[in-house]
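Here is the structure we will look at, set down as structure tokens.
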Amino acid sequence: MFQLLPAIDVLDGKVVRLERGEYDAVTVYGDDPIAVAEEFVAAGATLLHIVDLDGARRGEPNRELRRRLGSSGVPFQTGGGLRTAIAVAEAIGDGAARAVVGTAAVWDAAELAAMVDLVGAARLVAAVDVADGRARGAGWLDEGQPLEEVVAGLVASGIGQALVTAIARDGMLTGPDLALLASVSDAGLAVIASGGISSLDDLIAVRDLGLAGAIVGRAIYEGRFSVAEAIAATG
């Protein structure tokens, strides 16, 4: 079943969106991530995608944010700075339904295996963030590894879910990279699409690839469509 995941990116306590992951290209959309999360759930979202941008940059996740979300009762997956098995276990303990891991997925097969052992593959989503044919880690600040090698490693690890982002399209409302999404899906991973979705037609195109779901941020915040409209269009 296709699942819509509204994105809430948090930087300095504010709800923001970046362009192509650049920290100096920030648009602020709100001052209260919890209020935004509750609004999205009230509109019908069954899982939220929370990005701790401070954690992604520093490698030190914001546990207070996670605990507030967990206490509020909203269902969420979270990523940003989750680079060790202990950090992943803490995220789950703080209330996250799933932990999104990027750096370990790209660079550290042993740590990824430790994450699987500690919380189970079903509680993990591998972030496959792609630019110029390479999957990036470390908050998209490293040079990355060849995409095919990273995807093959993920399949071998037992992790079944991958959040696939075309970095060049992230936050740009230029449409999803359907070829990239299809290639990772064909390699054997359940793909959650991210990056570039700007319209209901984009969402429908992603759904029609047979993907697991899609993350949408800027298109919702800028009124291209609502959470309720997106769920109705893809349900």
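More than 34 Å apart: what percent of Cα pairs in region 3-234 qualify?
Roughly 5 percent, once rounded to a whole number.
Using Cα springs under 10 Å in a Gaussian network model of the chain, which residue among SER199, SER185, SER71 shows the largest mean-square fluctuation?
SER71
What is the distance, in nm, between label points placed 7 Å from the Cα along the Cα-to-Cβ direction at ASP12 and at SER226?
For ASP12 paired with SER226, the spin-label model returns 3.2 nm.
Taking the simple approach of a point 7 Å from Cα along Cα-to-Cβ for both THR174 and ARG58, what is their distance in nm?
So the two model labels end up 3.2 nm from each other.
How much length is gained on full extension from GLU148 to LEU118, taking 0.36 nm per residue of separation minus their Cα-Cα distance? Display every interim value, and only then the final one.
On the way: separation 30, 0.36 × 30 = 10.80 nm, distance 2.62 nm.
Residue separation times 0.36 nm, minus the Cα-Cα distance, leaves 8.2 nm.
At what distance in nm do the modelled label points of VAL155 and ILE204 sit from each other, each positioned 7 Å from its Cα along Cα→Cβ?
If labels sit at VAL155 and ILE204, their model points lie 3.2 nm apart.
Of LEU18, PHE2, VAL36, which is farthest on the positive side of the dipole of region 1-58, counting Cα position, with +1 on Lys and Arg Cβ, -1 on Asp and Glu Cβ, and the Cα centre as origin?
Toward the positive end, the furthest listed residue is PHE2.
Report the local net charge at TYR221: Lys and Arg +1, Asp and Glu -1, summed over other residues whose C-beta lies under 15 Å from its C-beta.
Values: positive: LYS14, ARG17, ARG218, ARG224; negative: ASP9, GLU19, ASP31, ASP32, GLU39, ASP170, GLU222, GLU229.
Once all neighbours under 15 Å are counted, the net charge is -4.
When the gyration tensor of region 25-156 is built from Cα positions, what are the square roots of 5 times its three eigenvalues, in whole Å, from largest to smallest? Please report the intermediate quantities before stating the final value.
On the way: eigenvalues 128, 59, 34 Å².
That gives 25, 17, 13 Å for the three semi-axes.
Since every read-out is calculated from the coordinates, none of them should be taken as a lab result. All values derive from a computational prediction rather than experimental measurement. No Cβ is skipped: glycine too gets one built from the backbone with ideal geometry, and neighbour counts run over all protein chains shown.
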